[in-house]
1. Write out, first by first residue and then by second, each pair whose Cβ atoms fall under 8 Å of each other, whose residues are 6+ apart or on separate chains, and whose first residue, in region B:559-572, is within 7 Å of another protein chain (Cβ to nearest Cβ) and free of Cβ contacts under 8 Å to residues at least 60 places away in the same chain while the second is open to solvent by less than 30 Å² (accessible area, probe 1.4 Å) and acidic (Asp, Glu).
2. Can you tell me which residues in region B:109-163 are hydroxyl-bearing (Ser, Thr, Tyr) and within 24 Å of the chain's Cα centre (by Cα)?
3. Which of the residues that make up region B:75-96 are in contact (Cβ under 8 Å) with a residue 12 or more places away in the chain and not in a helix (DSSP H, G or I)?
4. Can you pull out the residues in region B:351-376 that are under 20 Å from A:Leu29 (Cα atoms) and either touching a His at 6+ places or on another chain (Cβ under 9 Å) or within 12 Å of chain A (Cβ to nearest Cβ) (or both)?
5. If only one of B:Gly206, B:Gly191 is touching a residue at least 24 places away in the same chain (Cβ under 8 Å) and within 14 Å of chain A (Cβ to nearest Cβ), which one is it?
6. Which of the numbered conditions does B:Trp236 fail, given that it passes all the others? Conditions: (1) closer than 27 Å to B:Leu278 by Cβ; (2) touching a residue at least 40 places away in the same chain (Cβ under 8 Å); (3) open to solvent by less than 10 Å² (accessible area, probe 1.4 Å).
7. Given the conditions (1) under 16 Å from the mean Cα position of the chain (by Cα); (2) in a loop (DSSP other than H, G, I, E, B), and given that A:Arg74 satisfies all but one, which numbered condition is not satisfied?
8. Filter region B:351-368 down to residues that are surrounded by fewer than 21 Cβ atoms within 10 Å (Cβ to Cβ), of a type in the set (D, E, K, R) and in contact with a Gly (Cβ under 8 Å, 6 or more places away or on another chain), then give me how many there are.
Amino acid sequence: MIDPFERFGLPRRLVPDSGLIEEVTRKELKRVHPDVGGAEGEFEQLRKAADQITSPIGRLGLALEFLGNRLDERGSVPGEVMDFFSPVADILQKVDCFVRERGQAMSGLGKAVLDARVPALKGELEKLITGITTLEESYLGRFGRFDEEGWETCQDEMREVYRALSFLRKWLAQLREATGKIFEALLAG
Amino acid sequence: MGIDLGTTQSAIAVVDSGFPILLADDKGRTLTPSAVWIGKNGETEVGHEALRRAGVDRVVTSVKSLMGRRADEVAGGLSSDGKLETMAGPRSPEEISAEILRHLKGIAESRLETEVSKAVITVPAYFHDAQRAATKKAGELAGLEVVRILSEPTAAALSYGLDRLSENARVAVFDLGGGTFDVSVLEMREGVFEVLATAGDTNLGGDDFDRAIVEFAANRLEIDLRTMDPMELVRWTSEGRRVKHQLSEEEEAKFRLPFTGEVLMTREDFNRLMATFLDRMESACRRALLDSNVLASDLAEVVMVGGSSRIPVVKDRVERVFLREPDLSQHPDEAIARGASIQAGILAGTVREVILLDVTPLSLGIETMGGLMNVLIARNTTIPCKAGEMFTNAVDGQVSMKVRVLQGERELAADNWELGSFEVPFESARRGQARVGVEFRIDADGILSVLARDVATGLDTVIEVGSAAVDVHEAKVEQMVSESVEFAIEDMNARVFEEARMKAGELLPAVEVALDQAGELLDDQEVLEIKEARKRVEQAIDEKEVGLLKAAVENLDEATETLAALLVQRATEALFSSSQD
């Protein structure tokens, strides 16, 4: 396993200089791409490292590993994160139900009545996405302090934030996927 | 050189002093129809010459839609062993495509006055593994070394972006060709062209629109297409295409065939035929935007290529989805070949300032217990890429294990495209002791290779995927056949009644809800009609009379068409107005 910070020559910080990571990783990836003579497998490996260091949660994970932690998404999660658990599960189920019924509908009017539910579903999805994104940002806002006070000191808090972000990221992906499913069902005619 | 191997036409380009140019044949034509005629003795004609025989002799066109497919997927297109009929006997789609490629190679060699052996060939972004592999094989049959299989929208983006290298921007490429449709979202930064997401439909293109026009005309002329002679159908189709072209320029066109009759078609008629196709395109566009996490308003440009991007109603829809007037600066028929030649230049080292990062369009996975799909490489992952999975023996002394490889986005394994299956070999060992790591690698062509590594022995084996696919397919056909026999001996009347009753069961409550929600938008007469139709359905259910119920349900379905459209329109407006910003 390569250390992405070292590999790309980037300072070990959770909050990078704006645009620096993208610039450095892009340059390196361009250099090792198989089309310009990169060695077999090198690009894939570097790509993974680049993806990891480009995402904030990826950097947090690297920091925790660097401190000797095994990454574990289990463990206590703040209440403000768990508050999203039921609403997310609920809306995902509603969307699945809509998609299934929409696929089985036989008549134009039957489909239309189902479609009339869509704006409400979409509204709920958007509200949740906004809520989760806001919470995610508040966690990312702590990164600066972790850098300042030193990772060692903040370890416990960092672990908790890592778990929180893991949940939020997973939910965001699921909510976006659900939005996509609605579009597809709706436009399938 | 770069080759655009299109459904209806193909083109070839090379990079000359850093600039891509199309190569023309000896009559100065840069586009070669993708048509192949093979005579009784195996003599072959390609392109314009072959097309001249269409409607008289058997000419193979649109072979691209058959590449890497199985007979059961393309109704009537292929024989059960995957061959096409020509006058010189059966030929595989790869062999036919190879003729087109050989012809293009000939054009290049006579233009450049030198032998050419290396080529980049483009395929629709949404082509799966087998379709890409078949295209590569066609190139090899034509005596070409295929140095890269490149996605068409990506090629178009290269062509678009080559003279905009200083710009950092995100663009969408909308590529609607003769038989396939792709949409990709890309980011261009400092010479790196990175595809963020791609979506599409490998069975949607200009050919479908021609067919819709033919059906429209046949309907008006009260002619049954199913009983039409194939040569006659070829003439109809080419007239349909002419009408389509005319309707892109003018408000109306006449579909006219000697000794048959004529039908006047307005652009309005044509647009109506296009509605469902447009919805499918929109669905793909929205999926690509969602997957790339880019809002339409973040895009700097939406570039339209492909012959069918000339159709006004397509342009309108693109404008509506992407919230901007599309960029039509790229030649719709030439951009892809140009882009392919740029990629050829990158690989040859003559184009240095650009590099391309493409993605795999479909998720790759394996079947797990319970028939589910376990995704190993998610769609829109940058290629080349790889993923691994560890396998172990379930019983003592087990020597191998069968793994099915799938491509697609559905949860159930059976709903996805099966690439094939392979056996993971185990060293004889106690249960759970044998360990074999299997590595799935998708190369820069988007083609899969599989490597198994025995953890204990460190031995690597390259695994062939695919051989078992045929068995599965035959089993499937058998099952379908036996099901259809059962169906035949069932009481047809009972079945029809049950179907009609189910549809009524859906419609009756829907009428209630719909009238409640949007009834005020209808006039009294319309409401009255719906209520009467509803009453007839309710009576027919009581009377248990098959024909009566079926007719009453159909009548109610029709009577509620306007109401349904109003509801859908309202929902769609609410949905898209909130999703745009």
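The values are calculated or read from the model by the stated rules, or taken from the named source; none is laboratory data. For clarity, every value in this text was computed on a predicted model and none was experimentally measured. Because the Cβ atoms are built from the backbone with ideal geometry, glycine has one as well, and the counts that use them run over all protein chains shown. These accessible areas exclude ligands, DNA and RNA; they are computed on the full protein's heavy atoms, side chains included. Shrake-Rupley method; radii C 1.70, N 1.55, O 1.52, S 1.80 Å.
1. Hits for this filter: B:Leu567/A:Asp115; B:Val568/A:Asp115; B:Ala571/A:Asp115.
2. Residues satisfying the conditions are B:Thr122, B:Tyr126, B:Thr135, B:Ser151, B:Thr154, B:Ser159, B:Tyr160.
3. Step one: of region B:75-96, the residues in contact (Cβ under 8 Å) with a residue 12 or more places away in the chain are B:77-78, B:82, B:84-88, B:91, B:93-96.
Correct list: B:Gly77, B:Leu78, B:Gly82, B:Leu84, B:Glu85, B:Thr86, B:Met87, B:Ala88, B:Arg91.
4. The answer is B:Val351, B:Arg352, B:Glu353, B:Val354, B:Ile355, B:Leu356, B:Leu357, B:Asp358, B:Val359.
5. B:Gly191
6. Of (1) closer than 27 Å to B:Leu278 by Cβ; (2) touching a residue at least 40 places away in the same chain (Cβ under 8 Å); (3) open to solvent by less than 10 Å² (accessible area, probe 1.4 Å), only one is false for B:Trp236: (2).
7. (1)
8. Result for region B:351-368: 1.
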